Structure formats: structure tokens, C-alpha cells
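**Q** Encoded as C-alpha cells, here's the structure I'll be asking about.
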Amino acid sequence: MNHNRLDTALVVDDHPLFCDALALTLRSVAGIGEIRKAATLQEALASLQRDGVPDVVVLDLNLPDVTGLDGLVRLRNAAGVPVVVVSSISEDRMITSALRAGAVGYVPKHSDREVFRTAFDRLRRGEGYVPEGYLDSGDGENSEAVRRDEVLGRMATLTQQQSRILDLIRAGMLNKQIAYELSIAETTVKAHVTAIMRKLGVQSRTQAALLASETSFGHVLQKEG
């Protein structure tokens, strides 16, 4: 059986106290010696470019510069290493969506140290990890699941600037307002919007905003039950 090396980790979480506690836990129960930290998706992507790729990324889904699961998709694509989600959201629906978006493991934030030990032991053996009692909530809705995967895949092709512009479109901003917000020319915004619509396979800004909404936490959890 292949054993994965887990000597370095990048922890992406915007709560400093939890980030420090998690770093201590990973050092003591998972034997990870080098732990880097980032508070936002932008910081994490910059760290990958600056410091190289770690053996594993440990990600909180709820970051200030991320809407829903597209941060997970973009980090997974950029790093090319296992991504373990550590989140305060522990509903089966969200776990299923995160796994479909490419996470290899999902550990609720309230878990004790032994759970983290088990999760990372499994990761070293090339296995995934889900919480005890987890039930795949995707049964019986394969077509919806496939569509959500498709949407996430398309979102992952956007550049960082395009993702920011899409977030602002979703917030209801016009091109002129987006140009002012990002300190770029309005013609540049228009070019990005055209590229965004092409990549997402839609015909209008409204459709692009709706697709972005499909990857948000609210949309995923709202369908629970």
C-alpha cells in the first residue's frame, strides 16, 4: 500500500486562535513538522507560489474572500495535493458537496484530537476520511450532483480577478462600480465579464450570478430535507 508523506501542511483559516490550536494538534497527533498558515484564499494561493506546494492543505470553507465551494476547487487545482476540509459546518449535505468538489477528507471543527489522528493516519495510507455517522446525501439525485460538479468545474477555470469580478456581479454591481471598486478600467471589466460568461457557458451576467450562487453554502444546505 502506498504511504503518503505528510511532512508539510498549509492551514487556511481566518481564525488565528483556531489556526494556532490546529497547528499544535497536527504537529502532535499527525507528526507534521512544518506548518504554514494563511487567513484567506488569496494568501494561500500566494503561499503556494512563494513557498512551494505542501504535502497537504487543511482548509476552512468559510473564508472572507470565498463564496461557497469554489475556493476548495481552486486550491485543489492550484496545489495538486490532498485537501482536507476542517469546518464548523458538519451537515451531511455539505460534506457530500465538499467531497464531490475534490476534498479527500472532512473533519468537523469540534472533533477531538483522536479524530484528527485517525483522519491523518488514513490520509497517509492513501485513504479518505469522513466523520463517523456520515451518510452520503447524494443518493437519488445523481443528475443534480452531476450538474453541481459541472458548475464547480467551470468556476475553477476562472482567474483570481475573474472570481472577484463574479462575486461583485453577484452582489449586484454594475461594470462602472466594479471598475471603481477594483481600480481598473471599465473596458477591462467588460473584457473579464465576457470571458467569465464564456467560461461558465452562459449568455448573461444574471445567469453567471445564478451559477455562482449554486456553489454557495446557503444553496447547498437549503436543500437539506
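The values are calculated or read from the model by the stated rules, or taken from the named source; none is laboratory data. Just so you know, these numbers come straight off a predicted model, no measurement behind them. Ideal geometry is used to build each Cβ from the backbone, glycine not excepted, and the neighbour counts take in all protein chains shown.
**Q** Within the range 192-220, can you find the residues that are surrounded by 16 or more Cβ atoms within 10 Å (Cβ to Cβ), at pLDDT 75 or above and β-branched (Val, Ile, Thr)?
**A** Of everything in the range 192-220, those that are surrounded by 16 or more Cβ atoms within 10 Å (Cβ to Cβ), at pLDDT 75 or above and β-branched (Val, Ile, Thr) turn out to be VAL193, ILE196, VAL202.
**Q** Which is at pLDDT 85 or above and farther than 21 Å from THR8 by Cα, of TYR129, TYR106, TYR134?
**A** Matching residue, one of TYR129, TYR106, TYR134: TYR134.
**Q** Considering only residues of the range 49-84 that are touching a Lys or Arg at 6+ places or on another chain (Cβ under 7 Å) and among the charged types (D, E, K, R), which is surrounded by the most Cβ atoms within 10 Å (Cβ to Cβ)?
**A** ASP55
**Q** Given the criteria modelled with pLDDT under 90 and either in the same structural domain as SER97 (by TED's automatic domain parsing) or part of a helix (DSSP H, G or I) (or both), does GLN162 qualify?
**A** The answer is yes for GLN162.
**Q** Within the range 15-23, can one find any residue that is assigned by TED's automatic domain parsing to the domain that holds ARG113, buried (at least 17 other Cβ atoms within 10 Å of the Cβ) and assigned to a loop (DSSP other than H, G, I, E, B)?
**A** For the range 15-23, residues assigned by TED's automatic domain parsing to the domain that holds ARG113, buried (at least 17 other Cβ atoms within 10 Å of the Cβ) and assigned to a loop (DSSP other than H, G, I, E, B): absent.
**Q** Restricting to the range 109-127, what's the tally of residues that are within 19 Å of LEU22 (Cβ to Cβ) and either in a loop (DSSP other than H, G, I, E, B) or basic (Lys, Arg) (or both)?
**A** 8
**Q** Could you list all residues from the range 85-108 that are part of a strand (DSSP E or B), aliphatic (A, V, I, L, M) and either surrounded by fewer than 21 Cβ atoms within 10 Å (Cβ to Cβ) or touching a Leu at 6+ places or on another chain (Cβ under 7 Å) (or both)?
**A** VAL85, VAL86
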